[in-house]
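Student: Please find one structure pasted underneath; my questions will follow.
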Amino acid sequence: MSRSRFEMMNIIKKEMINEFDEKFNRGDIVLFKDINNLLKYNKLFSILPKATRVKDLINFLVENDILIPFKHQISKSQLTPKYAFREIHKYKTPLKLRGKSFLSHYTAMYLHNLTENIPKNVYTNQEQSKKLSNKSYDLQQKNIDRAFSKPMRKTNHIVFFDDFNAYMLNGKNTEKLGITEIEVEGENLPITDIERTLLDVSIRPGYGGGVEEILEAYINAKGQISINRLLAYLRKMDYIYPYHQVLGFYLEKAGYKESQLKILDGMDIEYDFYLNYNMKNPSFSERWKLYYPQHL
């Protein structure tokens, strides 16, 4: 009587595990095609019955905790199952899903000790290809008002793990401006430095825990940051909107010295601007020409 494919998998279970241990490191991403290639071309797996499917092998590996499943959503209509080898690392695994990505926003705030909260989600960023400069764009007040009257747009590119979600952001091409490395989980991982982190969350407050958390981050960053570097990053990133007004507001509210705030005085303030999106009955800062939530 011939054995079933599942019985055969159990018989060669130890050898199978050895093959995976040689091919993958703990936390590596294992794709459907990787399993398919093993099943097709590896001599060990050739002893399995021909009826064995890739899905059968994946199910067996998941049941034996060799593969850890998670779901990768690139758009609202596209949800793909993927697998990590043996374990999922909260910070390393999301980075492995995209080349040249780095930790950013609320995750970077936490890892730089700018917040006492432990964010449930992880934020990674990958730079887009280069685009033309924004300098020829005709910015108008009515367009600013319209854009910030709506909720902030958020990515649909999300990876769903059991204990957390990873938001996969696509940022401006800056040639890795302000990207450094810090030791996390025993490895040096790429991450935005403190100035770049503050700039990123100021621009996209929905990815930084909200304006209250961001203000607290500015307070916690006192004595650690260079205002000149912060503004140099902003200039190089060439945004259409006048985000220097946002930076000035946060720095003032966080209690930075007037001599530091004066570094921003040389930057023009031509438009009324907004600290956050979709605010109801906001207050207005005359100095920074900025609408902000009343409770701040």
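Student: Among the listed residues I58, I88, which satisfies the condition of being surrounded by 12 or more Cβ atoms within 10 Å (Cβ to Cβ) and assigned to a loop (DSSP other than H, G, I, E, B)? Talk me through it step by step, then tell me what you get.
Tutor: Numbers: I58 fails: assigned to a loop (DSSP other than H, G, I, E, B).
Going through I58, I88 in turn, the sole match is I88.
Student: Which members of region 215-231 meet the condition of being under 10 Å from E195 (Cα atoms) and of a type in the set (G, A, S)?
Tutor: A221, S226
Student: A follow-up question, please. Regarding region 69-78, can at least one residue be identified that is in contact with a helix residue (DSSP H, G or I) (Cβ under 9 Å, 6 or more places away or on another chain), under 28 Å from V211 (Cα atoms) and part of a loop (DSSP other than H, G, I, E, B)?
Tutor: no
Student: Is there any pair with a first residue in region 188-214 that is without any contact (Cβ under 8 Å) to a residue 12 or more places away in the chain and a second that is of a type outside the set (G, A, S) and in a helix (DSSP H, G or I) whose Cβ atoms are under 9 Å apart and which are 6 or more apart or on different chains, and what are they?
Tutor: Nothing qualifies.
Student: Would you kindly identify the helices (runs of 4 or more DSSP H) lying entirely within region 1-51 that contain at least 2 residues that are among the basic types (K, R)?
Tutor: Numbers: elements: 5-11, 13-23, 32-41.
Result: 13-23, 32-41.
Read the figures in this text as sums done on the coordinates, not as results from a lab. None of these values were measured; they are calculated from a predicted model. Virtual Cβ from ideal backbone geometry, glycine too; neighbours counted across all protein chains shown.
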